[in-house]
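Some notes on the structure that comes next.
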Amino acid sequence: MKLSDIKRVLILGSGTMGRQIGFLCALKGYNVVMYDISMEALEDSLKGMEDLGSWFISVGLMPQGDLNKVMGRIQISAVPADAAKEADLISESVPDIPEIKAEVFAKFNKLCPERTVFTTNSSMLLPSMFAEQTGRPEKLVALHFHDVRTTNIVDVMPHPESEPETVKLVRDFAESLGQVVVMLNRENSGYVFNSMLSALLMSALTLASQGVATIEDVDRSWMGVMRTPIGPFGIMDQIGLSTVWTIIDYAATNTGDPQAKANAAFIKQYIDSGSLGLKTMCGFYSYPKPAYTDPNFLSGKGAGR
Ligand SMILES: NC(=O)c1ccc[n+]([C@@H]2O[C@H](COP(=O)([O-])OP(=O)(O)OC[C@H]3O[C@@H](n4cnc5c(N)ncnc54)[C@H](O)[C@@H]3O)[C@@H](O)[C@H]2O)c1
């Protein structure tokens, strides 16, 4: 299969990332089907994609009049057999748990045409952890996005059984979406950027969970020295606290590391009180105007003082 054969993209999971990737694909002219086990998430994703479209217009990345045309390329479906029909490429964004990814891919392996290429947007898992269960390991490659409003850097990462033609096709597909590909030569948990970022986020959580410094001062320190508009706790709010917790809890359970467990428990308190980050307008910070965007934040007079 070549790039021009890809017409229809199936997105598995319509949460934070699925909807961003789905919108990006529709923006670049692909027909998109969003699939999720939750009808509520699917309906919410349509609203989320319209909002994303307004953002693309506001920053000049999409002409004003194009939103209806782009949204017209997007369908939603909670029926696997319907969603799978004529899919040329899957982009999977279900929770970062190997058993869930394996189960979803195994289901769609039976329903999708033989040609369908499978990609995973997993943040920290390796494709080889669930490649066999997909039933088509040679057609599985990781294609990992970041927040599409922040960057167009993506990772393309094969696993040992990915066939070279599929790796090239996935790379071409990513470039057709206007993305800049960071190509991994071998599997690495967290690819390139996330493997650096996860070390930062774990350090920030350790500082806060041990009571060394407040959340605001941890962010103030990073933002002030690195001259960045956001610190590690702000970043976690943007990622979504349930996604961050899933990743840390999985690592904590596998390694038995007591500090990783304490960091997972630290985030869990927020989740249990319904604060999931930006998606619920409340996490470590309150939105739409989180304290770290206040001009006073770095002057030493802002929040947490
Ligand atoms: N949030 C981020 O910033 C970010 C960035 C890059 C990659 N990722 C990765 O993307 C993936 C999804 O993360 P997210 O933050 O979008 O999660 P999310 O919780 O916002 O969305 C996950 C969606 O998957 C759905 N789902 C759960 N089980 C399913 C199943 N069996 N079949 C179909 N849908 C199912 C849920 O209903 C939900 O809508 C994860 O692997 C994560 O590591 C996340």
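Would you pick out the residues in region 148-164 that are under 23 Å from Gln238 (Cα atoms) and of a type in the set (A, V, I, L, M)? Reasoning before the result, please.
Within region 148-164, the subset under 23 Å from Gln238 (Cα atoms) is 148-156.
Val148, Ile153, Val154, Val156, listed by residue number.
Candidates Met49, Met17, Met39, Met71: the one that is closer than 24 Å to Ile247 by Cβ, of a type in the set (A, V, I, L, M) and within 21 Å of the chain's Cα centre (by Cα) is Met17.
Of all residues in region 246-264, those that are among the charged types (D, E, K, R) have Cβ atoms under 7 Å from Cβ atoms of residues that are more than 13 Å from the ligand (Cβ to nearest atom), 6 or more apart or on another chain, in Asp249/Ala264; Lys261/Ala252.
Residues to consider are Asp36, Asp96, Asp88, Asp82; find the one that is modelled with pLDDT under 95 and assigned by TED's automatic domain parsing to the domain that holds Thr134.
Details: Asp36 fails: modelled with pLDDT under 95; Asp88 fails: modelled with pLDDT under 95; Asp82 fails: modelled with pLDDT under 95.
Of the residues listed, the single one that is modelled with pLDDT under 95 and assigned by TED's automatic domain parsing to the domain that holds Thr134 is Asp96.
Within region 100-124, restricting attention to residues that are part of a loop (DSSP other than H, G, I, E, B) and open to solvent by less than 10 Å² (accessible area, probe 1.4 Å), the residue that is farthest from the ligand (Cβ to nearest atom) is Thr116. Search region 203-223 for residues being in a helix (DSSP H, G or I) and among the β-branched types (Val, Ile, Thr), and hand back the single one that is surrounded by the fewest Cβ atoms within 10 Å (Cβ to Cβ). Once the filter is applied, the top-ranked residue is Thr206.
Do the conditions hold for Val94, that is, is it within 10 Å of the ligand (Cβ to nearest atom) and crowded, with 20+ Cβ neighbours inside 10 Å? So Val94 passes the test.
In the condition set (1) within 15 Å of the ligand (Cβ to nearest atom); (2) crowded, with 18+ Cβ neighbours inside 10 Å; (3) small (Gly, Ala, Ser), Gly53 is compliant with all but (1). Scanning region 26-40 for residues that are polar (S, T, N, Q) and within 8 Å of the ligand (Cβ to nearest atom) yields one hit, Ser38.
Exactly one residue out of Ser221, Ser176, Ser209 is more than 16 Å from the ligand (Cβ to nearest atom) and in the same structural domain as Ser93 (by TED's automatic domain parsing): that is Ser176. Only one of the numbered conditions (1) open to solvent by less than 50 Å² (accessible area, probe 1.4 Å); (2) free of Cβ contacts under 8 Å to residues at least 60 places away in the same chain; (3) within 15 Å of the ligand (Cβ to nearest atom) is violated by Glu43, and that is (1).
Checked against (1) more than 16 Å from the ligand (Cβ to nearest atom); (2) of a type in the set (Lys, Arg); (3) touching a helix residue (DSSP H, G or I) at 6+ places or on another chain (Cβ under 7 Å); (4) open to solvent by 60 Å² or more (accessible area, probe 1.4 Å), Lys268 passes all but a single condition, namely (1). Pairs linking a residue in region 185-201 that is of a type in the set (S, T, N, Q) to a residue that is within 11 Å of the ligand (Cβ to nearest atom), with Cβ atoms under 6 Å and 6 or more positions apart or on different chains, are Ser189/Met124; Asn194/Ser123; Ser198/Gly190.
Among the residues of region 163-202 satisfying the criterion of being polar (S, T, N, Q) and farther than 30 Å from Ile215 by Cα, which is most open to solvent (accessible area, probe 1.4 Å)?
Going through the qualifying residues, I end up with Asn185.
Residues that are farther than 13 Å from Arg136 by Cβ and touching a residue at least 60 places away in the same chain (Cβ under 8 Å) within region 93-110 comprise Ser93, Val94, Pro95, Asp96, Ile97, Val104, listed in sequence order.
The values are calculated or read from the model by the stated rules, or taken from the named source; none is laboratory data. The shown structure was predicted, so the numbers you read here are calculated from the model rather than taken from an experiment. As a convention, Cβ positions derive from the backbone with ideal geometry for all residues, glycine included, and neighbour counts pool all protein chains shown. Side chains are part of the model used for accessible areas, which takes the heavy atoms of the whole protein and leaves out ligands, DNA and RNA. Shrake-Rupley method; radii C 1.70, N 1.55, O 1.52, S 1.80 Å.
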